[in-house]
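Below: the structure, in C-alpha cells.
Nothing in this text is a laboratory measurement; each read-out follows from the coordinates by a stated rule. Since we're looking at a predicted model, the values are computed, not measured. Every residue, glycine among them, receives a Cβ derived from its backbone with ideal geometry; neighbour counts consider all protein chains shown.
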Amino acid sequence: MPDFAYVARDLSGQRKTGVLTANSQHDVLAQLDGMALLPVEITVAKDASAIRSRRVAGQVMANAYNQLAALLRSGVPLMRSLTVMSNQATKPALKSVLEEVKLRVEDGEPLPTVMARFPRVFNDMAVNMVRAGTEGGFLEDALERVASFTEQQEDMKGRAAGALAYPVFLGCVGSAVVTVLIVFFVPKFEPLFATLREKGQLPAATDALLGFSAFLQVYWWVILGAIVIGGFSLVTFLRTDNGKLWLDWAKIKFPLFGSIFLNLAVARFCRVLGTLLANGVPILKSLEISRNAAGNRILSSSIQKASENITAGEKLATPLAASGHFPSQVVEMIAVAEESNTLDKVMVQISDSLERTTFRRMDVLVRLLEPIMLLLMAMLVFFIVLALMVPLLNSSGAV
C-alpha cells in the first residue's frame with residue numbers, strides 16, 4: 001500500500017502532520033476522521049520507498065541506539081528524544097529515517113512497528129528486542145543491548161575484513177598472474193612442442209596446459225558469460241525464501257567455517273533469550289523473539305520446535321539436543337540451569353563463552369588463509385613452469 005503525507009488540524013485548530021499507509025486517499029480521509037482530524041492537504045509520499053531502501057552503517061546505528069537509550073534514561077520523552085536525534089543526525093540517510101520514524105510514532109504507531117518498516121536500517125534482532133523492551137518496560141536496557149550487539153557484529157566484521165584483506169589481495173594478484181601466463185606466455189611454446197606432439201612424446205600435463213590455453217583464447221567469452229549468468233542466477237536464487245534457507249544451511253555445513261557460523265548464531269540466541277528472561281519476559285515469548293534474533297533459519301526452526309515441546313510440558317534442553325544443531329556442552333549447561341532455575345544468567349554466560357571461543361577459532365582460521373593462498377599460487381605457477389620445462393629438458397637431453 002502507498003504512503004500518504006497529510007497536513008491536518010485537530011479540534012483545537014492545532015496543525016498536525018504525518019504519514020499514513022492506505023489504499024487510497026479516501027481511506028486516508030477515513031483514518032483522519034477516526035483520529036478527529038480535519039484534513040488540509042493530502043499528498044502521496046513519493047520518497048517513502050526511497051527512504052526505506054537506504055542503508056545506514058552498523059556503527060552509526062549502534063551510536064544511535066546508545067543515544068536514544070541515554071535520552072530515555074535521562075527522562076526525556078520518546079517523541080522529544082526522536083526529535084533531538086533527527087536534528088543532530090549528521091548522516092542524511094539516518095536523518096531521513098529518524099524523521100519518518102518520528103512522524104509515524106507521533107501518529108500513534110508503536111516504535112517497533114515503525115522500525116519494522118525499515119528492514120535495511122533496523123534488523124530483525126533490533127525490532128524484536130525493542131518490541132520486548134516496549135512490552136516489558138525495559139526499553140532503555142533493550143536499546144543498550146541492541147547497541148552492544150551491533151558493535152560486536154561490526155567489530156567482528158572489521159576483524160574478519162582486515163584479516164581477509166591480504167589473502168584476498170594474494171588471490172586476486174595470483175589469479176591475474178596465472179591468467180596472463182596461460183593466455184599470453186604459454187601459447188609461445190606451441191610451435192616448439194609441435195614435433196613432440198606428432199611423435200607422441202609430449203607429456204600429458206604439457207598437452208593439457210596447451211589445450212586449456214588454446215581454449216581460453218578462443219572461448220574466453222563463454223567462460224565470462226557463464227560466470228556472469230551463474231552469479232546473477234545465484235543472487236536471484238538467494239533472494240527467494242528457498243535460497244535464504246539453503247544459504248543458512250550452507251553456512252553451518254561449510255567446512256571449517258561452518259562451526260563458527262553455527263556457534264555465533266547459538267551465541268546470539270542465548271544472549272537474547274537470557275536478556276529477555278532476566279527482564280521478566282515469559283519463556284515462550286522470549287523464545288519467539290530470540291529465535292528470530294539468531295539470524296539463521298535452520299536454527300530458528302529447531303528453536304520453534306523446542307517452543308512447541310515446552311508448551312507440551314517438556315524441558316528446553318531435550319528438544320534442543322534432539323535438533324543436533326546445539327553443542328552438547330551448551331545443552332548440558334541449559335539442562336543444569338533449568339534444574340537450578342538460573343536459565344537467564346546461564347544463557348548469557350553460554351553466549352560469552354561461545355563468543356570468546358569462536359573469535360579465537362576464527363582468528364586462527366583466517367591467519368591460516370594467507371599461507372594457504374601462497375601455497376596454492378606457488379603450486380599453480382610451479383605446475384605451469386614444470387609443464388613447460390620438462391619437454392624442453394627432455395629435448396635437450398635427446399640432442
Assuming 0.36 nm per residue, please report the length gained on full extension of the stretch THR90 to ARG367 beyond their Cα-Cα distance. 96.0 nm
If the reach is capped at under 23 angstrom between alpha carbons, list the lysines near LYS188, excluding any in the same chain fewer than eight residues apart. LYS199
The FRET efficiency for THR113 and VAL390, from their Cβ-Cβ distance with R0 = 41 Å and rounded to 0.05, is 0.05
Once ILE227 and TYR166 are pulled to full extension, the length gained, defined as 0.36 nm per residue separation minus their Cα-Cα distance, is 19.6 nm
With a point put 7 Å past each Cα toward its Cβ, work out how far LEU375 is from VAL40 in nm, to one decimal. 7.3 nm
Post the alpha-carbon centroid distance, region 193-209 to region 281-324, in whole angstrom. 63 Å
Relative to the chain, whose Cα atoms define the longest principal axis, helix 190-199 and its Cα axis are tilted in degrees, nearest 10, by 60 degrees
If each of ALA70 and ASP124 carries a label point 7 Å out from its Cα toward its Cβ, how far apart are those two points in nm? 3.2 nm
Using R₀ = 41 Å, calculate the FRET efficiency as 1/(1 + (r/R₀)^6) where r is the Cβ-Cβ separation of ARG159 and ASP27; round to 0.05. 0.25
Distance in nm between VAL7 and LYS253 label points, each 7 Å along Cα→Cβ, equals 5.8 nm
May I ask which of LYS157/LYS345; LYS305/LYS345; LYS244/LYS285; LYS16/LYS95; LYS91/LYS157; LYS16/LYS285 have a Cα-Cα span longer than 31 Å here? LYS16/LYS285
Stretch gain in nm, segment ASN309-ASP207, where the contour uses 0.36 nm per residue and the Cα spacing is subtracted: 30.4 nm
